[in-house]
Amino acid sequence: MELIAILLSGITSLFSITGVVVDKNVEAAVLSQIDRAEQLQVRTDNAPPHQIINGKINKVRIAGRGLWVTKDLRIETLEVETDPIAVDLKAVQADGQNPRASSLGQPIQAAVKFKFNQEDLNNFLKSPDSIARLQKMTTSTLGGAAAGSLNKDYQITNPKVQFIGNNRLGIEAELLDPASGEKLPVSLETGVSVIGGRKFQLVDPKAMVGKTPVPPFLLSGLTTGIGEQLSVDILEERGLFTRILQFEVKPQELELAAFVRISGRKE
């Protein structure tokens, strides 16, 4: 979800120094926030000239395929459509090459839709940064007795995800004991639902450690912990109001649609 903040914050730089908005300005603003794009199309619906001079445009539409948010994370497709945008041109010009959300004359509101495919996400999961995040998330999610039931020196290796369909997915990994070199396979298959547009919830999860099923009381803690980790609350603390409108897991792919709003300056 952090990508939403990156993209919409970049839109604050879509006005040129003269206040003229063109598609290339927006395209450059988006590209400056990501690693690279295989395809990117931008369309701006400009307001009347006198409104453009005052930092207003009617709408921005962005459609991309093969967007590399980082050198490791690829998004299959992205669609963004904004409501009317108003930017404080004096603030943008004062910010120079690093415009801030405070340059907004009013909040940016947009509908955003992503599609990830299974192969791309698995490639991302192999990256050192992703594995480090998984390690940290697993430790904080399990916590307490659950964390104590596992060797704290275990390292997560070979993580994989499978998009099963019907909003179910599977996750596999191996826990490596650096002292002995032994690897313990772990797996989780679960449904996923969205609660109130704010949180993800695991539905009927089933987990295995080696050949042993994880007992229900540990699964309950895991479900609660993941729900707390995968919440839009952290984004809202950064000024990005988010509501998840659609979350769908299909065979080999995942789609997510959301409504987002970045607040402008406070009056």
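Tell me whether segment 152-260 comes out rounded, prolate or oblate; compute the Cα gyration tensor, take square roots of the eigenvalues as a ≥ b ≥ c, and use a/c under 1.5 as the rounded threshold. Don't skip to the answer; put the middle values down first.
On the way: a/c = 2.07, a/b = 1.72, b/c = 1.20.
Because a/c hits 1.5 or more and a/b exceeds b/c, segment 152-260 counts as prolate.
What ranking, highest mean first, results for peptides 193-206, 66-79 when packing means the other Cβ atoms within 10 Å averaged over each residue? Working shown, then result.
Details: 193-206: 14.5, 66-79: 17.9.
Result, highest mean Cβ count within 10 Å first: 66-79, 193-206.
Can you tell me, using C-alpha contacts under 8 Å and at least 6 residues apart, the relative contact order of segment 176-267 as a whole percent? Intermediate values should be presented prior to the final figure.
On the way: 120 pairs, mean separation 18.5, N = 92.
After rounding, I find 20 percent.
Calculate the FRET efficiency for residue 71 and residue 217 from the Cβ-Cβ distance with a Förster distance of 41 Å, rounded to the nearest 0.05. Kindly include the intermediate steps, with their values, before the conclusion.
Details: r = 40 Å, r/R0 = 0.99.
According to the calculation, E is roughly 0.50.
Multiply the residue separation of residue 236 and residue 259 by 0.36 nm, subtract the distance between their alpha-carbon atoms, and state the gained length in nm to one decimal. Don't jump to the answer; show the numbers that get you there.
Working: separation 23, 0.36 × 23 = 8.28 nm, distance 1.26 nm.
Roughly 7.0 nm would be gained on extension.
No value in this document is a laboratory result; all are computed from the given coordinates. What you are looking at is a predicted structure, and each value in this text was computed from that prediction instead of being measured. Positions of Cβ are backbone-derived with ideal geometry, glycine not excepted, and every protein chain shown enters the neighbour counts.
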